[in-house]
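Participant: Here you go, one structure.
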Amino acid sequence: MSNFWIYESHTPGYEVRWGITGILHQETTPFQKLDVVETVEFGKALILDGCLQIAEKDEFIYHEMIVHIPMLSHPHPARVLIIGGGDGGTLREVVRHPELRSVDMVEIDEQVIKASKRFFPQVASAFSDERLNLYIADGIEFARGQQGPYDVIIVDSSDPVGPAEQLFTEKFYRDLANLLDEEGMLVVQSESPMFYADYFQNTYKNMANVFPITQVYTASIPTYVSGPWTFTVGSKKHRADNIADNKTVPSSLRYYNKEIHKAAFALPEFMRQMLE
Ligand code: SAM
């Protein structure tokens, strides 16, 4: 039994506590409070503004699912944009794809990248990839610019508070759609349908107002608030539940496989009703 506990509050009536063996790092960046702790059950964890972002034991689930679903359903994802994702896990998965020619990454807080390189080197393992162009900038402003076109855009954002709040709006999705190629695809993490129902539903609605095809898929990620976690894909042409022809799944994955790709789009009835 741990003697030290940290608390993660989700709603007025629900919080999670984590037994920890130590606080490895604490700082207040210009954008958020950043903590790295050693947990008893899940290895080291990165926490921003009191919300757990990644933990060593299960980060692979989130990162594989946010990346390989769009990368394997798009027939030729050569040009990729990542918004957020400062820990580097999404980048690590993107660079596994041989079709990749360039990846732009826009992270607002350089301190997250520095902390990840120091405490999570196995997650922050691809920052030296020569196909990467790293921008330390606000993703909202970047989206209003003229970069691109991109084949796949991945919004790996923190929860919709603080600097990430605007990353869940229709305006933002519209700006990103303008940066996408005519066959392009946008994927975002869209929160828990149980605990953050409003964000989940609004993300879908906002995305469906912009894209001809909008689909939701789920994964269970133990360190995120209990139950299924959702991802929403907006696409101009290709369905995200369909694996494109002649695709090879990157080797050494621990969660994603072709059966999971299909199964992840099977939604429970209450979620289908929430999206009607
Ligand atoms: N997997 C995580 C989760 O769902 O909890 C999120 C990972 S990642 C650490 C989220 C990143 O988004 C953070 O590093 C944060 O600094 C970044 N971020 C938040 N708002 C942003 C913005 N407006 N532009 C660019 N990056 C942003």
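Participant: Among the aspartates and glutamates, select those whose C-alpha is under 13 Å from the C-alpha of Lys236, and discard any that sit fewer than 8 residues away in the same chain.
Facilitator: Asp151, Asp181, Glu182, Glu183
Participant: Sticking with this structure for a sec: Defining a contact as two alpha carbons under 8 Å apart and six or more residues distant in sequence, what relative contact order in percent does the chain show?
Facilitator: Relative contact order, the chain: 16 percent.
Participant: Sticking with this structure for a sec: Rounded to the nearest 5, what is the percent of antiparallel bridges among the DSSP beta bridges in the chain?
Facilitator: 65
Participant: Once you sort the root eigenvalues of the Cα gyration tensor of segment 4-55 as a ≥ b ≥ c, which label holds: rounded (a/c under 1.5), prolate (a/b larger than b/c) or oblate (the other case)?
Facilitator: Working: a/c = 1.99, a/b = 1.05, b/c = 1.89.
Because a/c hits 1.5 or more and a/b fails to exceed b/c, segment 4-55 counts as oblate.
Participant: In whole Å, how far is the Cα centre of segment 153-222 from that of segment 1-59?
Facilitator: Centre-to-centre distance over Cα atoms comes out at 25 Å.
Participant: Once the dipole of the chain is set up with Lys and Arg at +1 and Asp and Glu at -1 on Cβ about the Cα centre, which of Phe195, Ser125, Thr11 lies farthest towards its positive end?
Facilitator: Ser125
Participant: Applying 1/(1 + (r/R0)^6) with R0 = 35 Å to the Cβ-Cβ distance of Glu41 and Glu130, what FRET efficiency is obtained, to the nearest 0.05? Walk me through the numbers before you get to the answer.
Facilitator: Values: r = 37 Å, r/R0 = 1.06.
Given R0 = 35 Å and the Cβ-Cβ separation, E is 0.40.
Participant: Using a Gaussian network for the chain with springs between C-alpha atoms less than 10 Å apart, which of these wobbles most: Pro250, Pro30, Pro163?
Facilitator: Per the Cα network of the chain with a 10 Å cutoff, Pro30 tops the list.
Participant: Ratio of Rg to Rh for the chain, alpha carbon only, Kirkwood?
Facilitator: 0.94
Participant: Taking only Cα atoms and a 10 Å spring cutoff, compute GNM fluctuations for the chain and point out the largest among Gln32, Gln166, Gln146.
Facilitator: With Cα springs under 10 Å in the chain, the top fluctuation among Gln32, Gln166, Gln146 is at Gln146.
Participant: Moving on. I want the local charge near His68. Using Cβ-Cβ distances under 11 Å, sum +1 for each Lys or Arg and -1 for each Asp or Glu among the other residues.
Facilitator: Once all neighbours under 11 Å are counted, the net charge is +1.
Participant: Okay, moving on. With the cut-off at 21 Å, tell me which of the pairs Lys57/Lys117; Lys205/Lys237; Lys33/Lys171; Lys44/Lys258; Lys114/Lys171; Lys57/Lys262 have Cα atoms farther apart than that.
Facilitator: Working: Lys57/Lys117 17 Å; Lys205/Lys237 18 Å; Lys33/Lys171 27 Å; Lys44/Lys258 30 Å; Lys114/Lys171 30 Å; Lys57/Lys262 24 Å.
Those over the limit are Lys33/Lys171; Lys44/Lys258; Lys114/Lys171; Lys57/Lys262.
Participant: Can you give me the Kirkwood hydrodynamic radius for segment 143-276, using every pair of distinct Cα atoms, in Å to one decimal?
Facilitator: Hydrodynamic radius (Kirkwood, Cα pairs) of segment 143-276 is 15.6 Å.
Participant: Can you work out the FRET efficiency for the pair Lys117 and Ala78, with r the C-beta to C-beta distance and R0 = 25 Å, to the nearest 0.05?
Facilitator: Once rounded, the FRET efficiency stands at 0.40.
Participant: Listed highest first by mean packing, meaning other Cβ atoms within 10 Å per residue, what order do 101-107, 68-74, 243-249, 231-237 come in?
Facilitator: 68-74, 231-237, 101-107, 243-249
Participant: From the Cα gyration tensor of segment 82-143, with a ≥ b ≥ c the square roots of its eigenvalues, which class applies: rounded if a/c is under 1.5, or else prolate if a/b is larger than b/c, or else oblate?
Facilitator: In terms of gyration-tensor shape, oblate.
Participant: Can you compute the FRET efficiency between Gln26 and Leu253 using 1/(1 + (r/R0)^6), with r the Cβ-Cβ distance and R0 = 35 Å? Round to the nearest 0.05. Intermediate values should be presented prior to the final figure.
Facilitator: Working: r = 33 Å, r/R0 = 0.95.
Computed FRET efficiency for Gln26 and Leu253 comes out at 0.60.
Participant: To the nearest 20 debye, what charge dipole does segment 103-179 have about its Cα centre, counting +1 at the Cβ of each Lys and Arg and -1 at the Cβ of each Asp and Glu?
Facilitator: Its charge dipole is roughly 140 debye.
Every number in this text was worked out from the coordinates using simple rules, so none of it is lab data. Quick caveat, the model's predicted, so the values are computed rather than measured. Every residue, glycine as well, gets a Cβ built from its backbone with ideal geometry; the counts of neighbours run over all protein chains shown.
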